[in-house]
Number of protein chains: 4
Amino acid sequence: MIENVNQDTGFGERSTDMGGRMVNKDGTYNIRRIGIHVHHRMSNYQNMLTMPRWRFLIVIFLVYLLINCVFTALYWFTGPTGLEGIQHQDDAVGQLKELFFFSTQTLTTVGYGRVNPVSEMANWIAAIESLVGFLSLAIATGLLYGRFSRPRAFIRFSNLIVHTNYKGGKALMFRLVCFKDDHLLMNAEIKVNVRIVTPENTYRFYNLRLERSHVDSLVLNWTVVHPIDEDSPFYGLSQKEIVTLQPEIAANLTGFDEVYSSIVVARMSYAIQDFKFGFKFLPMYFSKSKRTDLDLSKLNLIDQE
Amino acid sequence: MIENVNQDTGFGERSTDMGGRMVNKDGTYNIRRIGIHVHHRMSNYQNMLTMPRWRFLIVIFLVYLLINCVFTALYWFTGPTGLEGIQHQDDAVGQLKELFFFSTQTLTTVGYGRVNPVSEMANWIAAIESLVGFLSLAIATGLLYGRFSRPRAFIRFSNLIVHTNYKGGKALMFRLVCFKDDHLLMNAEIKVNVRIVTPENTYRFYNLRLERSHVDSLVLNWTVVHPIDEDSPFYGLSQKEIVTLQPEIAANLTGFDEVYSSIVVARMSYAIQDFKFGFKFLPMYFSKSKRTDLDLSKLNLIDQE
Amino acid sequence: MIENVNQDTGFGERSTDMGGRMVNKDGTYNIRRIGIHVHHRMSNYQNMLTMPRWRFLIVIFLVYLLINCVFTALYWFTGPTGLEGIQHQDDAVGQLKELFFFSTQTLTTVGYGRVNPVSEMANWIAAIESLVGFLSLAIATGLLYGRFSRPRAFIRFSNLIVHTNYKGGKALMFRLVCFKDDHLLMNAEIKVNVRIVTPENTYRFYNLRLERSHVDSLVLNWTVVHPIDEDSPFYGLSQKEIVTLQPEIAANLTGFDEVYSSIVVARMSYAIQDFKFGFKFLPMYFSKSKRTDLDLSKLNLIDQE
Amino acid sequence: MIENVNQDTGFGERSTDMGGRMVNKDGTYNIRRIGIHVHHRMSNYQNMLTMPRWRFLIVIFLVYLLINCVFTALYWFTGPTGLEGIQHQDDAVGQLKELFFFSTQTLTTVGYGRVNPVSEMANWIAAIESLVGFLSLAIATGLLYGRFSRPRAFIRFSNLIVHTNYKGGKALMFRLVCFKDDHLLMNAEIKVNVRIVTPENTYRFYNLRLERSHVDSLVLNWTVVHPIDEDSPFYGLSQKEIVTLQPEIAANLTGFDEVYSSIVVARMSYAIQDFKFGFKFLPMYFSKSKRTDLDLSKLNLIDQE
């Protein structure tokens, strides 16, 4: 048991009080950075890349409105008479609207030309606004490309981890599957760690030895098996003793995704409430005469032994 | 033979009935995902990247028409009088056409300006349409760049696999070649698996040991040789016995492509009908006084021993 | 000590006179390339990617002005009468300004159309200018995307390296932390070299053996420990003797960043003035009931043993 | 000598007649692909990425002219009266020119609007042309980004390879250097092969064992040393005997470039006319008090022993 103690997890072993998870259910680490300005610890690029699509579109739209309002104000303060073709010459609100729409036409470089700058000042502002539009397009292109070309792992893990009979002993098992049709994962590699709470109320980390930690191509589902032998921190323990350890099992999957031509990463964490003792997974793929059917709705299907 | 049993293929060993290929001729796996909404198992990005060029252009054109129809309808329902410069004022069809073409001019930001928005509503719609055009350009740029920068392996495999005499015994051989002039594959690595049907009517998988599974640079053709020795599942078997096993041989080639600066992958699968017993490959490159000629038309050229 | 001599540092061992650092504080190497034209040893792409944001924007703006000035001159010399719609027909300065603003409208493809080319010559120049604008947009897009998608390591190293008691002997320790919330570094690997000055006044390089040189995931801070045992060039040396060696310690950290899906690199160098003898680092993370707090303001917090 | 025979070079060992180089001076392999249509063995993307800058710009300009000519013809044949604002209504050549310039304004989406489409046919053509312009911009963006973000190795090899005294025996040495200021190569790895002509007039390939084949960071120049010991194909051979072997030495350098965050590759080949017997390289870097100077003009500086 001793040789298996893992000191390379990136987590410390010291603990003053207990209760927090190591890895959240969504695969992020349960860490909060403090003592540094939010501006430094936030990553704008990462945020724009990973926020939900509708939120991304709202951000784009708000920025579009904002830039146009700024330039509308500039046209207004330098004198709307610097532009020709404006209707409602005697109506301030109407004029502002015309300036705003002229601004949108300049920023997007659509430039109909009914309203167009005549005075030097208005011309300069329009020249700068169209450059801003130019660069905004470049930024939008980069962000959108960054969003849809960002390598992701399309992996689902089972919600549960089962403690079951295995080859005359016991084993822990969970499974995972790639749910996208063409995103084949090659050279998939999994590492599984466990954090337990010792009787002295400190954390201890172990690598869990797996029956198999590598597959050439993740074609069907993969049942990850940790046989509970003498090297396991769970060796010889009853269900009750395991619960006392408050184990949290963290799995790290990496592989090469052919569509992205890149290495992708997926993580999962199982806390004690995700353990099922005395259950086993049921098959989720079935050979047919012409092909094999992989039923993703059966990912969490378990049955009593 | 036992030690060579491969459990890392990503395929299961269980089989209820037989007949389906493991890998299709085009290198995709013969798997169907079910139990999940098509929206989740489809990858739009991957589809847009890998569909044929003409189909991609048709999709782009249809999306262009669709967006313009939507905005044409918006201009129509908010009142075509919100736009100035429209001809055929008394002809509904003519008006619709003018609105449609105005829409195309706004979406592509060409904005001639003969027709241009005057009412607040029309101005808002135009402001939003030019933003949509802006973002569409960004998306189109990303997709097109994604398409032609997508790393691919320009590899052709021989259609056949030969069973031939080799160093006093027998061997299975197939060959492959890079068919593009400048796409040199470095650190090429091949893994070959075979799936056979056992007398008990289940599948069994083996790694096939190769005489050489790595080349530094894939400059000429590469003849992949599996010597049928004691470690081979085909050891001592006659042609008829091999046919009974219904072997399917799957090859997985990876390498670093210099043009894409990325790892690329190619796959091939040989079913029993692709086996040629008693044949051998003929040479396909020839040293000349000034260079070496590699004749790709001879890739499948075999002759009886 | 001999077996640990490092000859793979990329640095030579010869030294005619002393004093220069091996690695600057910002992680760049303290090398000057001479005997080659600045044009060949400079990398424009790398410069545009790594210059500060405000400088990048100034460069973009100056290039924008420059291109417009060139085309303004071309319109002027081929005759401003080739354009229709110009106001101030009898004022040379006013005409020049109109030409300049027409140029900005063409380059950014906003094209209002009040001023537009009529003569063949003006039309040709405008046709070329809009193509230039087209390509400039493409270049700007590429540079901006290159800038914000460029993989960087968001790592801070401690400013100091401490010489402290450790497991009954002595050790050198420094620490590092990732300061961005979502940029998890996986498979982090560190290599630490030291360059010392021998009594014969030449340089000698050693690998420093580390207690741990790899972490699976760089979640919390990482204290890098070099135990001063028999293999260390500092074994048995007093503080004064160590100072005499004028050691410079260079650390090279690599890891896989999930956001960029790429390997990133960080470097640090400690000269003798960065050594603290008899100090130790204080903890910088604290387990709370619900999560762990990582306090980045405590990165350099040390205390006397 | 036998154990060192290299069968992983990707080159065959068969040879009918002699004389051609294995690797050209520019690092490409001296292979010609035949028996396949040029369309299949050419890589357009790779061509557009690697052609010289001026040629790239000429291609872009010619494509621009071509597309405009095609659309000019379309406007012409569907009747130039479909466009309003055209001057020179009674002059066919003048009309054609107006159509051509209108086409450029549509393709680049500058759209001044003096000339603008009125008829349905002209409107359709303009709608399609602006879509083509849209997509062309996307393609141009992709190609330009692809060009300047394409990872390249900024490495210069010495023109010569010297045969010199080394540690009581003989050695072959060449050297290489990174000539760009910020493109640090990490984990540089070199493989060196030699092809010799045997007395039986066939080729034979050997790996050349190197004193050092890896450097952590390629900071200064790297002198690659092949000690001619019992494992070397040149062991105990005189200058004349070596010349008789007609050796060609091919070097393959790979490393991780920090600016591109990618692996880059450089190749060099030395034929017998590049060998210098009895010479040695002179130093090319010099330690100064504040830094080290690396003199790239001294890369090929040799002197008699």
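The values are calculated or read from the model by the stated rules, or taken from the named source; none is laboratory data. Here the structure is a predicted model, which means the values were calculated and not measured. Using ideal geometry, Cβ is built from the backbone for each residue, glycine included, and neighbour counts are taken over all protein chains shown. For accessibility, only protein heavy atoms count, side chains too; no ligands or nucleic acids. Shrake-Rupley method; radii C 1.70, N 1.55, O 1.52, S 1.80 Å.
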How about the stretch D:198-305: which trypsin sites (Lys or Arg not before Pro) there lie in a loop by DSSP and see at most 12 other Cβ atoms within 10 Å? D:ARG212, D:LYS290
Calculated diffusion of the stretch C:152-304, Stokes-Einstein form, Kirkwood radius summed over Cα pairs, 10 °C and 1.306 mPa s, µm²/s: 97 µm²/s
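Assign unit charges at the C-beta atoms only (+1 for Lys and Arg, -1 for Asp and Glu), then state the dipole size of the stretch C:162-305 relative to its Cα centre in Debye, rounded to the nearest 20.
Working: 17 positive and 18 negative charges, 48 e Å.
I would put it at about 240 debye.
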Taking the Cα centre of the protein assembly as shown as the origin, how large is its charge dipole in debye, to the nearest 20, when only Lys and Arg (+1) and Asp and Glu (-1) carry charge on their Cβ atoms? 1460 debye
What does the accessible area of D:THR141 come to, in Å² to the nearest 10, when a probe of 1.4 Å is used? 10 Å²
I want to check the label-to-label distance for C:CYS69 and C:MET51. Put each point 7 Å from Cα in the C-beta direction and report it in nm to one decimal. 1.6 nm
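As a quick test, which of the pairs C:LYS170/C:LYS191; D:LYS25/D:LYS167; C:LYS167/C:LYS276; C:LYS25/D:LYS180; C:LYS25/C:LYS167; A:LYS191/C:LYS288 have an alpha carbon distance above 24 angstrom in this structure?
On the way: C:LYS170/C:LYS191 20 Å; D:LYS25/D:LYS167 31 Å; C:LYS167/C:LYS276 18 Å; C:LYS25/D:LYS180 20 Å; C:LYS25/C:LYS167 31 Å; A:LYS191/C:LYS288 26 Å.
Beyond 24 Å: D:LYS25/D:LYS167; C:LYS25/C:LYS167; A:LYS191/C:LYS288.
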In sequence order, calculated HN-Hα J values of the stretch B:192-203 (Karplus, 6.51, -1.76, 1.60; Hz; x Gly/Pro): 10, 10, 10, 10, 10, 9, 7, x, 7, 6, 10, 7
Every other copy gets compared here: list the nm distances from the A:LYS167 label point (7 Å along Cα to Cβ) to its counterparts, shortest first, one decimal. 3.3, 3.3, 4.6
What percent do you get for the relative contact order of chain C when only Cα pairs under 8 Å and 6+ apart count? 20 percent
From Cα pairs below 8 angstrom and at least 6 apart in sequence, can you work out the relative contact order of the stretch B:44-149, rounded to a whole percent? 30 percent
7 Å along Cα→Cβ, label-point gaps from D:PHE148 to other copies, nm, shortest first: 1.7, 1.8, 2.5
Shape category assigned to the stretch B:77-117 from the gyration tensor of Cα positions, a/c cut at 1.5: prolate
Between C:LYS25 and D:VAL118, the FRET efficiency computed from the C-beta separation at R0 = 60 Å comes out, to the nearest 0.05, as 0.35
Net dipole in debye of the stretch B:44-149 [+1 Lys, Arg Cβ; -1 Asp, Glu Cβ; about Cα centre; nearest 20]: 640 debye
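Given only helices, namely DSSP H runs of n ≥ 4 each adding -39500 (n - 2.57), what is the per-residue ellipticity at 222 nm of chain C, to the nearest 500 deg cm²/dmol? It would help to have the intermediate numbers written out before the result.
On the way: 6 runs with 88 residues, N = 305.
My calculation for chain C gives -9500 deg cm²/dmol from helical runs alone.
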As a test question: what accessible area, to the nearest 10 Å², does B:MET121 have when a 1.4 Å probe is rolled over all protein chains in place? 100 Å²
For A:HIS214 and B:ARG209, what is the calculated FRET efficiency with R₀ set at 22 Å and r taken between the beta-carbons, to the nearest 0.05? 0.75
If we hang a label 7 Å off Cα along the beta carbon direction at B:ASN201, how far is it from the matching labels on the other copies, in nm, shortest first? 6.3, 6.3, 8.9
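State which helices in chain A qualify, where a helix is a whole DSSP H run, it must extend 30 Å or more along its own axis by its Cα atoms, and its mean Kyte-Doolittle hydropathy must be at least -0.5. Could you put the intermediate results ahead of the total?
Numbers: long enough: A:53-77 (36 Å, 1.72); A:120-149 (43 Å, 1.06).
Both cut-offs are met by A:53-77, A:120-149.
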Normalised contact order of the stretch D:152-304, rounded percent, pairs of Cα under 8 Å and 6 or more residues apart: 29 percent
For the stretch B:198-267, state which GluC sites (Glu not before Pro) are in a DSSP loop and have at most 16 other beta carbons lying within 10 Å of their beta carbon. B:GLU200, B:GLU211, B:GLU230
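For the protein assembly as shown, what does the alpha-carbon gyration tensor say about shape, rounded, prolate or oblate, given a ≥ b ≥ c as the root eigenvalues, a/c under 1.5 as rounded, and a/b over b/c as prolate?
Numbers: a/c = 1.42, a/b = 1.42, b/c = 1.00.
It comes out rounded by the Cα gyration axes.
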How well do other chains shield peptide C:41-47, expressed as the mean number of their Cβ atoms within 10 Å of each residue Cβ? 6
Enumerate the amide H contacts of D:VAL225 below 5 Å, restricted to partners 5 or more residues apart or on another chain; note that Pro and chain-start residues carry no placed amide H. D:GLU211, D:ARG212
With the dipole of the stretch D:65-218 defined by +1 on each Lys or Arg Cβ and -1 on each Asp or Glu Cβ, the option from D:PHE154, D:VAL197, D:VAL132 whose Cα lies farthest towards the positive pole is D:VAL197
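Mind checking the full-extension length gain between D:LYS288 and D:LEU301? Use 0.36 nm per residue of separation minus the Cα-Cα distance, one decimal, nm. Let's see the in-between values first.
Values: separation 13, 0.36 × 13 = 4.68 nm, distance 2.04 nm.
The span from D:LYS288 to D:LEU301 would gain 2.6 nm if fully extended.
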Residue of D with Cβ nearest the axis relating D to A, plus distance in whole Å? D:GLY113, 3
Assign one of three labels to the stretch B:44-149, namely rounded, prolate or oblate, based on the Cα gyration tensor with a ≥ b ≥ c the square roots of its eigenvalues; rounded applies when a/c is under 1.5, prolate when it is not and a/b is larger than b/c, and oblate otherwise. prolate
Farthest positive-ward along the protein assembly as shown dipole, Cα basis, beta-carbon charges - from D:ASN47, B:ASN252, C:THR108: B:ASN252
